[in-house]
């Protein structure tokens, strides 16, 4: 999922027709479970190639410029003639919660033909960011290429974009081709139909990944693996919230960076939680020199 995100904050109320509400700041960011994670990975010092579909519009130009400036190699992005680039407008409240208007745009046109199997095989890791909206990747040709890469040692992590059950079902076939699945609580519940995150994590684990981490916001997360279910606390001290936008992408980037350092899933999840906390706090991500591929 690659999109341009426009964030206005803090927004305590939406204006009535013809009215205007002043805010402290309006920002533009590369966002989505693919683009947002790619930028966070690059800021953590990883070498990142981003693969996806965007439009041939001005927003596509803006997105590639923002990602390139962050250090992401955008050579894997396909520009779709006549299509719009995915985009969202977010109103972020003072407590960090947000309301969004969203256009998926060219993301839904991504097909296996846009993904170079050699690139997958050469990568230390592949992050599947938002396969629930990349309908075209739900294809045996892509799964074959992904399995060939895994056979050479490429690790596969997977995050989701939506909380809509009908869309999340599109991601279900990907579960058996991923090593680590990283949904938030709402996504895990919607994907599985479970009544609590522990049951949801176990249901996802039963589909084939080595481990599942369900993020729980300010409550940290939980890790399900063959060793059982482990609760992962949030950082002990949470300063004033700046905003939750991008928290999931930062978690994925922190998790993957730790994996590439040779750490196990439990320690990687703690890295992810710490990285997500830096987004909530408005702090800069720390750097490391590792290699990843998105």
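Read the figures in this text as sums done on the coordinates, not as results from a lab. In this text, all values refer to a predicted model and were calculated from it rather than measured experimentally. Here the Cβ positions follow ideal geometry from the backbone for every residue, glycine too, while neighbour counts run over all protein chains shown.
Results, tabulated for the structure shown:
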| item | result |
| --- | --- |
| Hypothetical label at residue 23: residues of region 94-113 whose amide nitrogen lies under 18 Å (7 Å Cα-Cβ projection) | 94-103 |
| Cβ-Cβ FRET estimate between residue 229 and residue 135, R0 fixed at 30 Å, reported to 0.05 | 0.40 |
| Measure of compaction for region 1-123 (Cα Rg per 2.2 N^0.38 Å) | 1.17 |
| Cα→Cβ-extended label distance, 7 Å offset, between residue 144 and residue 172, nm | 2.5 |
| Neighbour-count ranking [beta-carbon atoms within 10 angstrom, fewest first] of 163, 144, 257 | 144, 163, 257 |
| Ranked list, fewest to most other Cβ atoms within 10 Å of each Cβ, for 1, 67 | 67, 1 |
| Calculated FRET value between residue 210 and residue 116, using beta carbons and R₀ = 25 Å, to 0.05 | 0.50 |
| Cβ crowding within 10 Å averaged over residues, with 188-196, 111-119 ranked highest first | 188-196, 111-119 |
| Estimated Rh, region 49-101: Kirkwood, alpha-carbon pairs, angstrom | 12.4 |
| CD proxy at 222 nm, helix term only [per DSSP H run n ≥ 4: -39500 (n - 2.57); per residue of the chain; nearest 500] | -9000 deg cm²/dmol |
| Added length on full extension, which subtracts the Cα-Cα distance from 0.36 nm per residue, residue 13 to residue 97 | 29.0 nm |
| Spatial separation of Cα centroids for region 78-100 and region 30-68, in angstrom | 13 |
| Relative contact order (percent, whole number), the chain, Cα cutoff 8 Å, 6+ residue spacing | 19 |
| Förster radius 41 Å - calculated FRET efficiency between residue 267 and residue 108, Cβ distance, rounded to 0.05 | 0.70 |
